[in-house]
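A quick write-up on the structure given underneath.
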Amino acid sequence: MSHEEQITQAVELIGQANYIVAFTGAGISVESGIPDFRSAGGLWTRYNPDEYATYSAFLTRPEKYWTMHKELRSLILSVQPNPAHIALAALEHEFGKLKTVITQNVDFLHTRAGNSVVLELHGSTRIYHCISCKAEYEYTEIDTFLATGQFPPRCPKCEGIIKPNTILFGESLPFDVYQSARDEVTKADLFIVIGSSLVVYPAATLPPLAVSTGSRLLILNVEPTPMDNKADVVIHAKAGEIMTKIISKLKKSD
Ligand code: NAD
């Protein structure tokens, strides 16, 4: 089946839905300029996650973690939401169909695109905290801390080490966020996966939960996923290109 035919089917699914929940992964941000971590040149090909991105590594060698994080942080702050993020904002605000975005990304591009309910399963680089006194800081304050020359940056209140509110390997998902995500999934009549390999757990339990609680499933991902055979429509293509076409067809059929 051609992409055009798949797009037509996707538009039909969206047209019939009243409670859409989107589930996104690293792939949705690739067209913004943030590579997924596993592809050639991605972060994990240059920084071994066991050494740089586990919670125990952070506690013992926080400067190593911060070397990697500084690079990721500069990249995230230099990019903008792409047409796929903007399409999800349109599905919420123009069409009134999208209720929640559940994301594995830490780049807060969905919030920047304008979606109002964004559940960040793996946290976000928008907020940081001191691991000693738990004081929280906006990302905009971190440059000031880094400018003092202290590396890794330290809390101005207690000198504790600062950490972004992202989930490292070995840390649990924030329970309330994960529970809210599961509640939203059970309400969905259409679950749209965009840019996720669906192999990172427990996030990957959400698409099967959607199907088992009666939702239809649309998957938009460059590569095949383990859930393709359970989906009503699967499109293997770039998210931004396809979502732009979907939104323009939806506008014509309005
Ligand atoms: P993943 O890297 O496992 O999978 C990404 C998927 O996106 C791949 O299957 C790939 O085929 C697909 N893809 C690549 N470019 C695409 C495009 N233009 N359009 C559509 N699909 C595209 O990503 P994941 O499942 O999100 O898991 C990786 C983990 O790494 C997550 O836990 C996440 O926290 C983290 N991560 C976050 C960011 C970010 O915040 N932007 C970036 C990289 C990794």
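Given a 1.4 Å probe, how much area per residue of the chain is accessible, in Å²? Please list the in-between numbers first.
Working: 11530 Å² over 254 residues.
Spelled out: the 1.4 Å probe surface of the chain, per residue, equals 45 Å².
State the volume of the convex hull built on the alpha-carbon positions of the chain, expressed per residue in Å³ and rounded to an integer. Don't jump to the answer; show the numbers that get you there.
On the way: hull volume 30.4 nm³, N = 254.
In the chain, the Cα hull volume divided by residue count equals 120 Å³.
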Say we join alpha carbon atoms closer than 10 Å with springs in a Gaussian network model of the chain; which of ARG182, ARG73, ARG46 then has the biggest fluctuation?
ARG46
Quick query: amide H of LEU119 versus all other amide H atoms, modeled in the peptide plane; which residues come in under 5 Å with a sequence gap of 5 or more or a different chain?
VAL101, ILE102, THR103
For region 197-254, what mean projected area does the convex hull of the alpha carbons give, in nm²?
4.6 nm²
Stretchable slack from GLU4 to ARG46, in nm (0.36 nm times residue separation minus alpha-carbon distance):
11.4 nm
Both in Å, the radius of gyration and Dmax of the C-alpha trace of region 39-87 are 13.5, 42
By how many degrees, between 0 and 90 and to the nearest 10, does the Cα long axis of helix 175-187 differ from the longest principal axis of the chain?
0 degrees
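What is the extension gain from THR67 to ASP176, computed as 0.36 nm multiplied by their sequence separation minus the C-alpha to C-alpha distance, in nm to one decimal?
Working: separation 109, 0.36 × 109 = 39.24 nm, distance 3.01 nm.
Going from the current span to full extension adds 36.2 nm.
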Of all the accessible heavy-atom surface of region 141-229, with the other protein chains kept in place and a 1.4 Å probe, what percent is carbon and sulfur?
55 percent
Given a 10 angstrom Cα cut-off, can you work out which residue in ASP176, ASP143, ASP232 is the most mobile in a GNM of the chain?
ASP143
Run the helix sum for the chain: -39,500 (n - 2.57) per DSSP H stretch of 4+ residues, divided by residue count, reported at 222 nm to the nearest 500 deg cm²/dmol.
-12000 deg cm²/dmol
Report P(r) for region 139-217: all Cα-Cα distances, bin width 10 Å, range 0 to the bin holding the largest distance, values in whole percent.
15, 32, 21, 19, 12, 1
Filtered hits (lysines, Cα-Cα < 17 Å from LYS134, offset >= 8 within chain) -> LYS157, LYS163
Alpha-carbon centroid distance for the pair region 41-90 / region 108-139, whole angstrom:
14 Å
Compute, for TYR47, the solvent-accessible surface of its heavy atoms (probe 1.4 Å) with the complete set of protein chains present, and express it in square angstrom to the nearest 10.
30 Å²
Karplus (6.51, -1.76, 1.60) ³J(HN,Hα), θ = phi - 60°, over region 96-113, in Hz, Gly and Pro reported as x
x, 9, 7, 9, 8, 10, 10, 10, 9, 7, 10, 8, 6, 6, 5, 5, 5, 6
Set of lysines with alpha-carbon distance to LYS230 below 27 Å, sequence-local pairs under 8 removed:
LYS97, LYS99, LYS187, LYS238, LYS245, LYS249
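Which value results when the Cα radius of gyration for region 101-237 is divided by 2.2 N^0.38 Å?
Values: Rg = 17.9 Å, N = 137, 2.2 N^0.38 = 14.3 Å.
This ratio for region 101-237 stands at 1.25.
The values are calculated or read from the model by the stated rules, or taken from the named source; none is laboratory data. Remember, it's a predicted structure, so these values are computed and weren't measured experimentally. Heavy atoms of the whole protein, side chains included, go into the accessibility calculation; ligands, DNA and RNA do not. Shrake-Rupley method; radii C 1.70, N 1.55, O 1.52, S 1.80 Å.
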